[in-house]
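Down below is the structure, laid out as structure tokens.
The values are calculated or read from the model by the stated rules, or taken from the named source; none is laboratory data. Note that this is a predicted model, so its numbers are computed, not measured. Quick reminder, even Gly has a Cβ in these numbers, built from the backbone with ideal geometry, and neighbours come from all protein chains shown.
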């Protein structure tokens with residue numbers, strides 16, 4: 001009986017690797033990477049979240065285990081919730097998308113597939129399935145400090161995660177970079193009563209925003225998170241408290257080093273190169289520069305140069321993080 005199960009699993013994997021967009025999941029449904037879904041803006045704790053398809057995304061925050069109540073249910077994009085899968089819930093990233101999740105206490109990094117909305121708490125950046133928590137090697141009992149970076153993995157790894165397997169772990173993050181990332185963390189929120197960590201699909205679609213995020217089959221739209229009522233607010237000062245302005249890119253960390261891989265006169269070409277590397281795009285003077293990092297030491301930056309060369313970008317150069 002085990003032999004038959006193994007043969008079926010191999011057959012499913014071969015179909016995925018041969019170019020199939022979906023693999024079978026328990027119950028007869030299909031797990032696929034298309035179509036990609038965004039959804040309408042929604043609010044959590046008085047804060048408005050606008051799903052978007054960013055060219056890159058790199059944030060630090062806290063992770064929480066996906067609620068046990070999610071087991072046996074459906075994710076926000078209609079797939080069956082699978083506790084053993086290396087899956088995640090995020091408030092704004094496309095469904096599905098892929099992220100590298102790094103535990104900031106150990107530097108251990110895994111690849112996870114985002115297929116759900118949540119967590120429904122403003123103090124939590126990402127929700128992780130029991131399988132993802134186990135592979136990351138962290139305890140689900142307390143705050144889990146993490147870095148979440150959107151990546152574009154090869155189809156072989158995508159197929160493994162769609163089939164509820166595990167992709168190979170990434171290289172551990174160097175200790176100096178972990179120190180820099182931890183410095184960007186805020187204090188964890190006080191413990192609150194358990195709440196469902198998974199978003200549910202609305203009964204009817206909410207009205208679309210006045211200027212919805214542009215999307216295409218190739219991700220390339222800046223990430224948008226805005227406070228309730230603050231969208232497209234005038235810049236002129238007002239006596240009322242000002243809400244944070246929407247962000248189009250993660251905040252830069254001063255100091256250290258970056259690896260400049262390439263520079264383009266076309267924003268679209270720069271975004272495509274950044275996706276293939278998991279890098280950032282920095283604009284200046286009408287030129288879009290693709291950069292890896294930041295790295296705390298030149299030795300760590302050398303590893304970034306080698307990683308870029310392995311993907312065909314052989315002219316990467318190390319420079320100070322504050323250099324333009």
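Just one of (1) modelled with pLDDT of 95 or more; (2) touching a helix residue (DSSP H, G or I) at 6+ places or on another chain (Cβ under 8 Å) trips up residue 148, so point out which.
(2)
Out of all the residues in the range 125-135, is one or more within 22 Å of residue 50 (Cβ to Cβ) and surrounded by fewer than 24 Cβ atoms within 10 Å (Cβ to Cβ)?
Taking the range 125-135 as the starting set, the residues that turn out to be within 22 Å of residue 50 (Cβ to Cβ) are 125-127.
Among the residues that remain, those that are also surrounded by fewer than 24 Cβ atoms within 10 Å (Cβ to Cβ) are: 125.
Looking for residues that are within 22 Å of residue 50 (Cβ to Cβ) and surrounded by fewer than 24 Cβ atoms within 10 Å (Cβ to Cβ), one finds at least one in the range 125-135, hence yes.
So, in the range 94-135, exactly how many residues are over 16 Å from residue 64 (Cβ atoms) and part of a loop (DSSP other than H, G, I, E, B)?
5
Residues are listed down the side, and each one gets a yes or a no for (1) more than 16 Å from the chain's Cα centre (by Cα); (2) modelled with pLDDT under 90; (3) closer than 23 Å to residue 35 by Cα:
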| site | (1), (2), (3) |
| --- | --- |
| 125 | no, no, no |
| 139 | yes, yes, no |
| 167 | no, no, yes |
| 201 | yes, yes, yes |
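Going through 256, 229 one at a time, which residue ends up being crowded, with 19+ Cβ neighbours inside 10 Å, modelled with pLDDT under 85 and either on the phi > 0 side of the Ramachandran plot or assigned by TED's automatic domain parsing to the domain that holds residue 100 (or both)? Reasoning before the result, please.
On the way: 229 fails: crowded, with 19+ Cβ neighbours inside 10 Å.
256 is the lone residue from the list that is crowded, with 19+ Cβ neighbours inside 10 Å, modelled with pLDDT under 85 and either on the phi > 0 side of the Ramachandran plot or assigned by TED's automatic domain parsing to the domain that holds residue 100 (or both).
Within the range 295-306, is even one residue touching a helix residue (DSSP H, G or I) at 6+ places or on another chain (Cβ under 8 Å), surrounded by 21 or more Cβ atoms within 10 Å (Cβ to Cβ) and within 18 Å of residue 151 (Cβ to Cβ)?
Taking every residue of the range 295-306 in turn, at least one turns out to be touching a helix residue (DSSP H, G or I) at 6+ places or on another chain (Cβ under 8 Å), surrounded by 21 or more Cβ atoms within 10 Å (Cβ to Cβ) and within 18 Å of residue 151 (Cβ to Cβ).
Exactly one condition in (1) more than 30 Å from residue 289 (Cα to Cα); (2) in contact with a helix residue (DSSP H, G or I) (Cβ under 9 Å, 6 or more places away or on another chain); (3) in a strand (DSSP E or B) is false for residue 85; which is it?
Condition not satisfied by residue 85: (3).
Which residue, of 19, 29, is modelled with pLDDT under 85, exposed (fewer than 13 other Cβ atoms within 10 Å of the Cβ) and over 16 Å from residue 124 (Cβ atoms)?
Testing whether each residue is modelled with pLDDT under 85, exposed (fewer than 13 other Cβ atoms within 10 Å of the Cβ) and over 16 Å from residue 124 (Cβ atoms) leaves just 19.
Just to be sure I understand, how many residues within the range 136-167 are in a helix (DSSP H, G or I) and surrounded by fewer than 20 Cβ atoms within 10 Å (Cβ to Cβ)?
Residues in the range 136-167 being in a helix (DSSP H, G or I) and surrounded by fewer than 20 Cβ atoms within 10 Å (Cβ to Cβ): 3 in total.
Take residue 271 and tell me if it is at pLDDT 85 or above and surrounded by 20 or more Cβ atoms within 10 Å (Cβ to Cβ).
Yes.
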